[in-house]
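Novice: Please find one structure pasted underneath; my questions will follow.
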Amino acid sequence: MNHPRRHHRYYDLILAAFVVVLLCSNFIGAGKAAVITLPYFGELVFGGGILFFPIAYFFGDILTEVYGYAYDRRAVWAGFAALAFAAIMAQIVIALPVAPGAYMANYQHGLETVFGNSWRIALASMFSFWCGSFANSFTLAKMKIWTHGRYLWMRTIGSTAVGELVDSSLFYMLAFYGIWPTHEIFQVALAQYALKTSWEVLATPLTYWIVNYLKRKENEDYYDIHTNFTPFRVKV
């Protein structure tokens, strides 16, 4: 049974963690293509953001399952605002005149290498994650109604598979087309999708524990029966 929105004890902490993960996924790992050698499969190329990004969807599933679609929507917009601010400030810092000296010249080169493409990564991430996150949250919210709150594992894995498909299909093409070889873009995007979805499967026991803990502590288990699913608002 739905009831009026109220203050929650843990929502702000999850929101802050979500924003931190989103920033780290874009400014620490997204620009690096790494490679590992797997038995029988050979070399696997993947983006460094795989260390962070699945956690964002993990938080999205928890927020939607416990608090409802509107609270996850608010978290997504908070993450986008933080990401936009970080991208703008990175470009301002790069554009500042460099003090003389070999150390600062090398430092400036490092900043340009790491953060010079941050505006494009940020825009690609904002658009692709915006699409993917809302697809994930919408799918989970609807599946919760259809299943009458049962089969949490099916809802989290199914919604993540949908959201990650949208996200991975868009992000790497928008962020790295013309920078990486095209075949590498498709290879990394496919590997990212498989790894991120697999991560959700492996994290299912942890998801159950956190969701059940929050539902018990918050006395909340929201069903989005009368929810306005437009993504263009932050009100809960």
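The values are calculated or read from the model by the stated rules, or taken from the named source; none is laboratory data. What you see is a predicted model, and the numbers here were worked out from it, not measured in a lab. Cβ coordinates were reconstructed from backbone atoms using ideal geometry, including for glycine residues, and neighbour counts include every protein chain displayed. These area figures cover heavy atoms from the full protein model, side chains too; ligands, DNA and RNA do not enter into them. Shrake-Rupley method; radii C 1.70, N 1.55, O 1.52, S 1.80 Å.
Novice: Average the reciprocal distances over every distinct pair of alpha-carbons in region 138-197, invert the result, and give the Kirkwood radius in Å. Please list the in-between numbers first.
Specialist: Numbers: mean 1/r = 0.0788 Å⁻¹.
12.7 Å is the Kirkwood radius here.
Novice: By average Cβ neighbour count within 10 Å, what is the ranking of 78-90, 40-52 from highest down? Don't skip to the end; give the middle numbers.
Specialist: On the way: 78-90: 17.2, 40-52: 15.5.
In decreasing order of mean packing, 78-90, 40-52 become 78-90, 40-52.
Novice: If you compute Rg and Dmax of the Cα atoms in Å for the structure shown, which of (i) 20.4, 62; (ii) 19.2, 66; (iii) 16.5, 50 do you land on?
Specialist: So the structure-derived entry is (ii).
Novice: Same structure again: Ordered by packing density, taken as the mean number of other Cβ atoms within 10 Å over each peptide's residues, highest first, how do 171-177, 213-219, 135-141 rank?
Specialist: Working: 171-177: 20.6, 213-219: 14.1, 135-141: 23.6.
The most tightly packed comes first, giving 135-141, 171-177, 213-219.
Novice: A further question on this structure: Hey, what do the phi angles of region 220-230 turn into as Karplus ³J(HN,Hα) couplings, whole Hz, using 6.51/-1.76/1.60 and θ = phi - 60°, x for Gly and Pro?
Specialist: 9, 7, 7, 10, 8, 6, 10, 6, 7, 8, 4
Novice: A further question follows. Working from the pairwise distances between different alpha carbons, so that the mean of 1/r is found and then inverted, what is region 63-136's Kirkwood radius in Å? Walk me through the numbers before you get to the answer.
Specialist: Numbers: mean 1/r = 0.0702 Å⁻¹.
Across region 63-136, the inverse of the average 1/r is 14.2 Å.
Novice: Multiply the residue gap between Thr147 and Ile225 by 0.36 nm, knock off their C-alpha separation, and tell me the result in nm, one decimal place. It would help to have the intermediate numbers written out before the result.
Specialist: On the way: separation 78, 0.36 × 78 = 28.08 nm, distance 1.27 nm.
Taking Thr147 through Ile225 to full extension adds about 26.8 nm, to one decimal.
Novice: Looking at region 136-165, which trypsin sites (Lys or Arg not before Pro) are DSSP coil and have at most 13 other C-beta atoms within 10 Å of their C-beta?
Specialist: Details: sites: Lys142, Lys144, Arg150, Arg155; in loops: Arg150.
Sites meeting the loop and neighbour criteria: Arg150.
Novice: I've got another one for you. Applying the Karplus parametrisation 6.51 cos²θ - 1.76 cosθ + 1.60 with θ = phi - 60° to the phi angles of region 66-72, what ³J(HN,Hα) value in whole Hz is obtained for each residue in order, glycine and proline being reported as x?
Specialist: Using θ = phi - 60°, the values come out as 8, 9, x, 4, 4, 6, 5 Hz.
Novice: Hey, can you find the accessible area per residue of region 120-236 for me, probe 1.4 Å, expressed in square angstrom? Numbers along the way, then the final one.
Specialist: Values: 5880 Å² over 117 residues.
About 50 Å² of surface per residue is accessible.
Novice: Further question on the same structure: Taking a 1.4 Å probe, which of Arg74, Arg120 shows the most accessible area, and what order do the others take after it? Each step should come with its number before you reach the end.
Specialist: Values: Arg74 100, Arg120 50 Å².
Largest to smallest exposure gives the sequence Arg74, Arg120.
Novice: Give me the percent relative contact order of region 154-208, please, defined on Cα pairs under 8 angstrom at least 6 residues apart.
Specialist: In percent, rounded to a whole number, it is 50.
Novice: Among the aspartates and glutamates, select those whose C-alpha is under 18 Å from the C-alpha of Lys142, and discard any that sit fewer than 8 residues away in the same chain.
Specialist: Counting by Cα, and skipping residues close in sequence, Lys142 has these aspartates and glutamates nearby: Asp61, Glu65, Asp72, Glu164, Glu220, Asp221, Asp224.
Novice: Here's a follow-up. Contact order normalised by length for the chain, with contacts defined as Cα pairs under 8 Å and 6 or more residues apart; what percent is it?
Specialist: Values: 292 pairs, mean separation 65.8, N = 236.
Averaging sequence separation for qualifying contacts and normalising by length gives 28 percent for the chain.
Novice: So for region 167-218, Kirkwood radius off the Cα pairs, Stokes-Einstein at 4 °C and 1.567 mPa s: how many µm² s⁻¹? Intermediate results must be reported in sequence, preceding the final value.
Specialist: Numbers: Rh = 13.0 Å.
D = 99 µm²/s.
Novice: Right, another one. Give me Rg/Rg_expected for region 147-236, where Rg uses Cα atoms only and Rg_expected = 2.2 N^0.38 Å with N residues. The partial results should precede the final answer.
Specialist: Values: Rg = 17.1 Å, N = 90, 2.2 N^0.38 = 12.2 Å.
Expressed relative to 2.2 N^0.38 Å, the Cα Rg reads 1.41.
Novice: Restricting to DSSP H runs of at least four residues, report the calculated mean residue ellipticity at 222 nm for the chain, -39500 (n - 2.57) per run over all residues, nearest 500 deg cm²/dmol.
Specialist: Values: 8 runs with 159 residues, N = 236.
Helix contribution divided over all residues of the chain: -23000 deg cm²/dmol.
Novice: Now, a different point. Among the lysines, select those whose C-alpha is under 26 Å from the C-alpha of Lys32, and discard any that sit fewer than 8 residues away in the same chain.
Specialist: Answer for Lys32, where 26 Å is the Cα cut-off: Lys196, listed by chain and number.
Novice: Take the alpha-carbon centre of region 156-210, take the same for region 28-91, and report the distance between them in whole Å.
Specialist: 9
Novice: Further question: Could you pull out every residue, at least 5 positions away or on a different chain, whose amide H is within less than 5 Å of the one on Ala34? Hs are placed 1.01 Å off N in the peptide plane, and Pro or chain starts have none.
Specialist: Hits under the 5 Å cutoff: Phe46, Gly47, Gly48.
Novice: Using θ = phi - 60° and the Karplus relation 6.51 cos²θ - 1.76 cosθ + 1.60, list the HN-Hα couplings for region 142-158 in order, rounded to whole Hz, with x at every Gly or Pro.
Specialist: 5, 5, 5, 5, 4, 8, 6, x, 9, 6, 4, 4, 5, 5, 5, 5, x
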